[in-house]
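Everything on this sheet refers to the single structure shown next.
The values are calculated or read from the model by the stated rules, or taken from the named source; none is laboratory data. Note that the structure is predicted; figures quoted are calculated from it, not measured. In this analysis, Cβ positions are derived from the backbone assuming ideal geometry, glycine residues included, and neighbour counts consider all displayed protein chains. Please note that ligands, DNA and RNA were not included when accessible areas were found on the heavy atoms of the full protein model with its side chains. Shrake-Rupley method; radii C 1.70, N 1.55, O 1.52, S 1.80 Å.
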Amino acid sequence: MSGLFQNIGFLQQGPFSIPRWEALFSHLDVLGQGALVTLLVASLGLALALALGTVIGVMSTSHWKILRGIARVYVEFFQNTPLLIQVFMLYNALPMLYPQVMIPVIVIGIMGVGMYHGAYIGEVVRAGIQSIGRGQLEAALAQGFSYVGAMRYIIIPQAMRIVLPPLTNQAVNLIKNTSVIAIIAGGDLMYAGDSFAGRYGHYGPTYIVVGLGYFLMCFPLAVLTRRLEDRTKGV
Amino acid sequence: MIKLVDVNKHFGLHHVLKDINLEVPMGEKLVVIGPSGGGKSTLIRCINMLERPSSGHVVVDAVDLMAHRAPIAKIRQSVAMVFQSFNLYPHKTVLENCTLAPIVVKGVPKEEATETALGYLERVGLREKADQYPAQLSGGQQQRVAIARALNMHPKVMLFDEPTSALDPEMIQEVLDVIIGLAHSGITMVVVTHEMGFAHEAADRVVFLDDGMIIEEGTPEHFFKNPQHDRTKLFLSKILR
């Protein structure tokens, strides 16, 4: 078989040569483990982001100025500083303040993407809540619901339908952004790929396969986003 | 049952309610009429504190809602409101619209809330629509559901804020018929409306509100046969034709 390609040099040598591909495919389990870590960080990070985003979104529409102010500061801080700095803060700076606190890298990843995308989801939720007419809140309050109860039973269920497409979009970005923990040895897909590739210089094939791994996680969500958008337009 | 004492409401520079004093005894059907922008809606919305007065007292069921930490949400459970724009919950079925607050807010068991809701839906002639969504109903039907939703809280007071103003003409009567039917029960009612026929038929007392002040009040007969103030006469001459 290899005789057939004898004269085709780039398959024998260079960044994308067949031996490099072979080496990669015999170590795919390493990437698989990294992908599991990525999925773990992404799913728990998304859960945290949704929880934080809902709270921030509700606070942004509150009639209490102080709550709106806190939400505003949170959103502006996380939206206007790089995720990487936030992760470095947790990884490098926090242990200097509290040497006894050792946060596992995976938890740093979850907190990092969770808080960062929580800010974005907060803005999405705020826009969704504000798109629901004032009459809905008034009807709920007039029936004796508390503000939080009105949000929970009346406003947020309606807002969720509207914000589902932008939310799935945020989920896609969150999955991709989990790759920042590669820089702090997070053990995720990006880290697993990069450390494998760096050991032998198999960068080309590894980055392609790692990229494909992220694509396979994100693309179904992107398709879902488009479907949801069509459905929203349909009604 | 309801007592407004020296109620003032300002929206910025706009003085919407001026020293309103009004008492509604238990069981009374009070109709509030007056030109648009005269403060009718603001007045009725002060009764359940959807608008907070700038000053004065709002006493409902012997509780001053202007007091510090007044149990406003608790009082609202027994003061139901029907809105001009229905404000049904679009993500809930007709039946769920009627049962949600009783179950969640008042802690009524689901079976009981469902049973009474179906009874009230029957009363407004919409029992067969119980499993549909509000968007599938006409405006008149939606408003009747809103009335059933209000009734299922078993309120002591019903507030109607222009309940027929957003309806197509052919649907006004079906809603008025339901409200008139209610008026014959013992419930206390405050109705803001432009429907003079309704005022005539259902009201114990009519209040004419203009420019944030109660200009004149009396029985329906007094208003339609013998109004005293020029502003009342002018308003009625425009609206009764």
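Here are the numbers:
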read-out: Selection within the stretch A:198-235 - closer than 24 Å to residue A:174 by Cα, touching a residue at least 24 places away in the same chain (Cβ under 8 Å) and among the small types (Gly, Ala, Ser); value: A:213, A:222
read-out: Failed item in (1) under 18 Å from residue A:139 (Cβ atoms); (2) in a loop (DSSP other than H, G, I, E, B), with residue B:185 passing the rest; value: (1)
read-out: Pairs with Cβ under 7 Å, 6+ apart, first in the stretch B:102-113 and within 11 Å of another protein chain (Cβ to nearest Cβ), second open to solvent by 70 Å² or more (accessible area, probe 1.4 Å); value: B:103/B:110
read-out: Selected residue [touching a Gly at 6+ places or on another chain (Cβ under 7 Å), within 14 Å of another protein chain (Cβ to nearest Cβ) and charged (D, E, K, R)] from B:69, B:76; value: B:76
read-out: Residue within the stretch A:119-134 that is more than 14 Å from chain B (Cβ to nearest Cβ), modelled with pLDDT of 90 or more and over 17 Å from residue A:52 (Cα atoms) present; value: yes
read-out: Extreme residue, farthest from the other protein chains (Cβ to nearest Cβ), among residues of the stretch A:139-155 that are surrounded by fewer than 19 Cβ atoms within 10 Å (Cβ to Cβ) and part of a helix (DSSP H, G or I); value: A:148
read-out: Subset tally (residues that are more than 23 Å from residue A:141 (Cβ to Cβ) and in a loop (DSSP other than H, G, I, E, B)) for the stretch B:125-139; value: 7
read-out: Residue match in the stretch A:226-235 (condition: under 22 Å from residue A:35 (Cβ atoms) and among the small types (Gly, Ala, Ser)); value: no
read-out: Qualifying positions in the stretch A:91-138 - assigned to a loop (DSSP other than H, G, I, E, B), under 29 Å from the mean Cα position of the chain (by Cα) and farther than 21 Å from residue A:184 by Cα; value: A:132
read-out: Residue B:152 being surrounded by fewer than 24 Cβ atoms within 10 Å (Cβ to Cβ) and over 12 Å from the mean Cα position of the chain (by Cα); value: no
